[in-house]
Amino acid sequence: MTMLRRRATALCLATFLLWPSPSLWADEGGAPLVQLQQYRPIYLLLGKPDVKAQISFKGQLLRSFDLYYGYSQLMIWDLFEKSSPFRDINYNPEIFYRIHLSRPTERWLDAGLIEHESNGRDGAASRSWNRSYLSFHSKNQLGAKTALWWSLRAWFPYGYHQDNADILQYRGLWEAHIALTEFLGPFFKIHELTLRIYGGGKSHVNPLQGGQELTFRTQVASGAITPAIVLQVFHGFGEYMLNYRDERVGLRAGLGF
């Protein structure tokens, strides 16, 4: 990795880790805004076998039309190795149209016109594919504050790089999120427990041969830029693109925003 690439990645990560944002799920269920919003989780996690960081945002392209662009970037960082290299950086832009199924927004459908994911490498280390998708989201209120959020995404993949033509065996054809929020009482300002799973295997739909990720996120103190404490466990394949065929177990903790 060149020094310029490392510096640009570090600057981008620092910018978005300091970007103030409310709860991930509450933000996704809010009214559309023109300015940038958090899209997927933003965090910096240390642990085994490496450091994992992610930034993500979305924005509405037209004020009166629910067409959005999103951008996420996942970084796997060998922080404690000599020269502290980034092992892999995954770039994930997309454009999607949002269809509101209920008001206030508690159910909606995202139609992904195009989603691209690649690691920006060349030669044998290059990984790349494209997807079009449908993603259904729903909120179920379980109490005065406690809520169950869930989503199910299915996609049509195309545009594989020749070195990752078998990626569906490890990333599958679908992904699901189940999140329980505000269930620990008034002491914690924000708390979420999220299970993310996706399919894999020869059928491309087996969740035991894809990936499973459990994340707990809590924020004790109030304040727009107060960081959350994040604990995450990952098991399976495809955690990042370069070594997506390797089965991995990740135990990490850190800060989220």
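Below is a table of values for the structure above.
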| item | result |
| --- | --- |
| Residue that is surrounded by the fewest Cβ atoms within 10 Å (Cβ to Cβ) [pool: residues in the range 118-152 that are in contact with a Gly (Cβ under 8 Å, 6 or more places away or on another chain) and of a type in the set (Lys, Arg)] | 131 |
| So residue 201, is it under 23 Å from residue 244 (Cβ atoms), modelled with pLDDT of 95 or more and more than 19 Å from the chain's Cα centre (by Cα) | yes |
| First in the range 60-71 and under 21 Å from residue 116 (Cα atoms) and in contact (Cβ under 8 Å) with a residue 12 or more places away in the chain, second anywhere and of a type in the set (Val, Ile, Thr) and open to solvent by 40 Å² or more (accessible area, probe 1.4 Å), Cβ under 6 Å, 6 or more apart | 60/34; 69/95 |
| Residues of the range 211-235 classified as over 16 Å from the mean Cα position of the chain (by Cα) and not aliphatic (A, V, I, L, M), total | 6 |
| Pair list, Cβ < 6 Å and 6+ apart or interchain, from the range 39-56 residues that are closer than 19 Å to residue 70 by Cβ to residues that are among the basic types (Lys, Arg) and open to solvent by 10 Å² or more (accessible area, probe 1.4 Å) | 56/40 |
| Among residues of the range 172-195, those that are outside any strand (DSSP E or B), at pLDDT 95 or above and either open to solvent by 20 Å² or more (accessible area, probe 1.4 Å) or within 17 Å of residue 231 (Cβ to Cβ) (or both), counted | 1 |
| When residues of the range 71-84 are limited to those that are farther than 29 Å from residue 35 by Cβ and open to solvent by less than 40 Å² (accessible area, probe 1.4 Å), the one farthest from the chain's Cα centre (by Cα) | 84 |
| Residues of the range 122-144 classified as at pLDDT 95 or above and in contact with a Leu (Cβ under 8 Å, 6 or more places away or on another chain), total | 7 |
| Search result, residues across the range 88-117 that are buried (at least 16 other Cβ atoms within 10 Å of the Cβ) and outside any strand (DSSP E or B) | 105, 106 |
| Tally of residues being in contact with a Ser or Thr (Cβ under 7 Å, 6 or more places away or on another chain) and in a strand (DSSP E or B) across the range 118-151 | 9 |
| Residue 125, sole failed condition from (1) more than 19 Å from residue 238 (Cβ to Cβ); (2) in contact (Cβ under 8 Å) with a residue 12 or more places away in the chain; (3) among the small types (Gly, Ala, Ser) | (1) |
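The values are calculated or read from the model by the stated rules, or taken from the named source; none is laboratory data. Every value quoted in this text rests on a predicted model; they were computed, and no experiment measured them. Don't worry about glycine lacking a Cβ; one is built from the backbone with ideal geometry, like all the others, and counts go over all protein chains shown. The protein model used for the area step is the full one, side chains on, heavy atoms only, and it has no ligands, DNA or RNA in it. Shrake-Rupley method; radii C 1.70, N 1.55, O 1.52, S 1.80 Å.
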